[in-house]
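K.L.:
There's a structure below that I have some questions on.
The values are calculated or read from the model by the stated rules, or taken from the named source; none is laboratory data. From a predicted model like this one, the values you see are computed outputs, not experimental measurements. Cβ coordinates were reconstructed from backbone atoms using ideal geometry, including for glycine residues, and neighbour counts include every protein chain displayed. Side chains included, ligands, DNA and RNA excluded: accessible areas come from the protein's heavy atoms. Shrake-Rupley method; radii C 1.70, N 1.55, O 1.52, S 1.80 Å.
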Amino acid sequence: QVQLVESGGGLVQPGGSLRLSCAASGSNFWLYAMGWYRQAPGKQREVVTTITSSGSTNYEDSVKGRFTIPRDNAKNTVYLQMNSLKPEDTGVYYCNGRFTSYEYWGQGTQVTVSS
């Protein structure tokens with residue numbers, strides 16, 4: 001069983017930056033593909049970015065060049081570095097971990113981009 005705990009959300013002005021963290025319990029974190037998803041009010045949850053166990057990344061088009069997803073396997077943690085934030089980035093951000101048939105979600109952290 002793996003538990004994912006997100007932190008780092010909050011209120012930020014447009015153009016600002018935030019770094020979210022997702023700390024994983026348990027062992028073999030390095031085997032997991034990790035990802036960040038977000039759910040805006042009234043919308044479905046969507047993938048923002050993913051990183052494989054080998055470090056390959058993918059980004060949703062609207063965040064390319066602004067967001068990155070570094071992972072630190074020694075700390076069992078994946079991050080979401082968000083720069084040049086826009087109001088449309090507002091939502092609840094969820095951490096996701098996958099390994100074979102196993103999939104885990106964090107509880108979510110709110111990010112609000114507003115002046």
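K.L.:
Within the range 18-28, take every residue that is of a type in the set (Gly, Ala, Ser) and over 30 Å from residue 115 (Cβ atoms) and give me the one that is surrounded by the fewest Cβ atoms within 10 Å (Cβ to Cβ).
P.N.:
27
K.L.:
Counting just the residues of the range 1-17 that are open to solvent by less than 30 Å² (accessible area, probe 1.4 Å) and in a strand (DSSP E or B), which one comes out nearest to residue 88 (Cα to Cα)?
P.N.:
The extreme case among them is 12.
K.L.:
Further question on the same structure: Restricting to the range 29-54, and then to whatever is among the polar types (S, T, N, Q) and open to solvent by 80 Å² or more (accessible area, probe 1.4 Å), can you tell me which residue is farthest from residue 3 (Cα to Cα)?
P.N.:
So, considering only residues that are among the polar types (S, T, N, Q) and open to solvent by 80 Å² or more (accessible area, probe 1.4 Å), the one farthest from residue 3 (Cα to Cα) is 44.
K.L.:
Of the residues that sit in the range 71-94 and are open to solvent by 60 Å² or more (accessible area, probe 1.4 Å), in contact (Cβ under 8 Å) with a residue 12 or more places away in the chain and not polar (S, T, N, Q), which one is nearest to residue 23 (Cα to Cα)?
P.N.:
Per the stated criteria, the residue is 75.
K.L.:
Restricting to the range 66-95, count the residues that are part of a loop (DSSP other than H, G, I, E, B) and either more than 19 Å from residue 34 (Cα to Cα) or aliphatic (A, V, I, L, M) (or both).
P.N.:
Looking only at that region, the number is 6.
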